[in-house]
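All of the numbers you see were taken from the coordinates with simple rules; none came from a lab. What you see is a predicted model, and the numbers here were worked out from it, not measured in a lab. Cβ placement follows ideal geometry from the backbone for every residue including glycine, while neighbour counts extend to all protein chains displayed.
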Amino acid sequence: MSLRLGILPAMSNIPASPSPPHVPAPISVALGKRVKQCRHTVGKSQETLAFDAHIDRTYISAIERGVANPSVETLANICYALDVTLAQLFEPLESVPLAPTGVRRANAAKPQEITRKRLR
């Protein structure tokens, strides 16, 4: 079977296996609800918050739904735009479990074998 013009052969013999649905971590869901609560308190839309925090509106939506994992810098930008501190943002989340959830992606890369050699 030859490949011409970048066309791949049909892979009908390989069964399609859907990936398991992603379940957000409880801390992500709680953080998202807290961001949304703070945003409503100051009367900002997702679009206005996104503009003020220098991030995309769809990312604000993903954070609020608990499906995004924002960096500390992004959270700091959101806090600045909402006029709250990081401590105030996280304070109501003290009862959320911090134990790891789900299965992390395995590292498929195999490290090189390290050997010691004496040079004389």
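Less than 14 Å apart at the alpha-carbon level, and either on another chain or at least 8 residues along: which aspartates and glutamates does that give for residue 44?
52, 64, 83
Applying 1/(1 + (r/R0)^6) with R0 = 25 Å to the Cβ-Cβ distance of residue 48 and residue 94, what FRET efficiency is obtained, to the nearest 0.05? Can you show the working numbers first?
On the way: r = 29 Å, r/R0 = 1.15.
After rounding to 0.05, the efficiency reads 0.30.
Once the range 26-91 is represented by equal point scatterers at the alpha-carbon sites, with solvent omitted, what log10 I(q)/I(0) does the Debye formula produce at q = 0.19 Å⁻¹?
Values, matching the q order: -0.59.
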